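Trainee: Can you read through this structure? Questions will come right after.
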Amino acid sequence: MDAVVVVVKMQLKKDVRIVKRPNKTLIFSTDVGILYEVNKTGELILDLLKNRQTKNQLYKEMHKQFPKINRKKLQKDIDEFLKKLWQAHLLEK
C-alpha cells in the first residue's frame, strides 16, 4: 500500500490585520478583538503566511534567513509559533 501524503497550506485569516511599527509588530483580529505583539522572527513568519504556505515551505524559507540555527530547533520554534496563532484563531487552512 502506498503512503498518502497530505499537504496542508495555511494562511492568516481574512480578518487579521498586521501593523508594523519600528520596534514591534502588532497583529489584530477584528473577529476576536484581541491584539498580539510579535518579534522580528514572528514578523517574518507572518509575511510568509500572506502567501499560503505549507510547514515545509516555512521551514525552508526560515532556514534561508537563519542558516546558522539548527534545523530541528528552528522547526520546533516555528511549530510553537504556529500553534499559538492557531489557538488564537488567527490561522486558517
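Trainee: Of the residues PHE28, PHE81, PHE66, which exhibits the maximal mean-square fluctuation in a Gaussian network model of the chain defined by a 10 Å Cα contact cut-off?
Mentor: So, out of PHE28, PHE81, PHE66, the one fluctuating most is PHE66.
Trainee: Still on this model: Among the listed pairs LYS13/LYS73; LYS14/LYS73; LYS13/LYS83; LYS20/LYS50; LYS24/LYS93; LYS24/LYS72, which are separated by more than 24 Å between their Cα atoms? Mind dumping the intermediate values first?
Mentor: Values: LYS13/LYS73 27 Å; LYS14/LYS73 30 Å; LYS13/LYS83 14 Å; LYS20/LYS50 14 Å; LYS24/LYS93 26 Å; LYS24/LYS72 26 Å.
Long pairs (Cα-Cα over 24 Å): LYS13/LYS73; LYS14/LYS73; LYS24/LYS93; LYS24/LYS72.
Trainee: Sort VAL38, VAL16, VAL8 by Cβ crowding within 10 Å, fewest neighbours at the top. Mind showing how you got there, number by number?
Mentor: Details: VAL38 18, VAL16 23, VAL8 7.
If I rank by nearby Cβ atoms, fewest first, I get VAL8, VAL38, VAL16.
Trainee: On to the next question. Which peptide among 69-79, 53-63 comes first, and what is the full order, when sorted by highest mean count of other Cβ atoms within 10 Å? Show your work: numbers first, answer last.
Mentor: On the way: 69-79: 13.6, 53-63: 15.6.
The peptides rank, most packed first, as 53-63, 69-79.
Trainee: Would you mind calculating the gained length between ASP15 and LYS55 on full extension (0.36 nm times residue separation, minus the Cα-Cα distance), in nm to one decimal? Don't skip to the answer; put the middle values down first.
Mentor: Values: separation 40, 0.36 × 40 = 14.40 nm, distance 2.16 nm.
Contour length minus the Cα-Cα distance gives 12.2 nm.
Trainee: Which listed residue (THR54, LEU35, GLN65) has the Cα farthest towards the positive end of the charge dipole for the chain, taking +1 on Lys and Arg C-beta and -1 on Asp and Glu C-beta about the Cα centre?
Mentor: Of the options given, the answer is GLN65.
Trainee: Treating only the Cβ of Lys, Arg, Asp and Glu as charged (+1, +1, -1, -1), what charge dipole size does the range 11-92 show about its Cα centre? Round to the nearest 20 debye. Write out the running numbers ahead of the final one.
Mentor: Working: 19 positive and 10 negative charges, 76 e Å.
Approximately 360 debye in magnitude.
Trainee: To continue, here is another question. Considering amide H positions built from the backbone, and no H for Pro or chain starts, which residues 5 or more places from LYS13, or on another chain, come under 5 Å of its amide H?
Mentor: Under 5 Å from the amide H of LYS13: LEU91, GLU92.
None of the figures in this text is laboratory data; all of them are computed from the coordinates on show. Bear in mind that the values here come from a model prediction, so they are computed numbers and not experimental data. Glycine also receives a Cβ, built like all others from the backbone with ideal geometry; neighbour counts cover every protein chain displayed.
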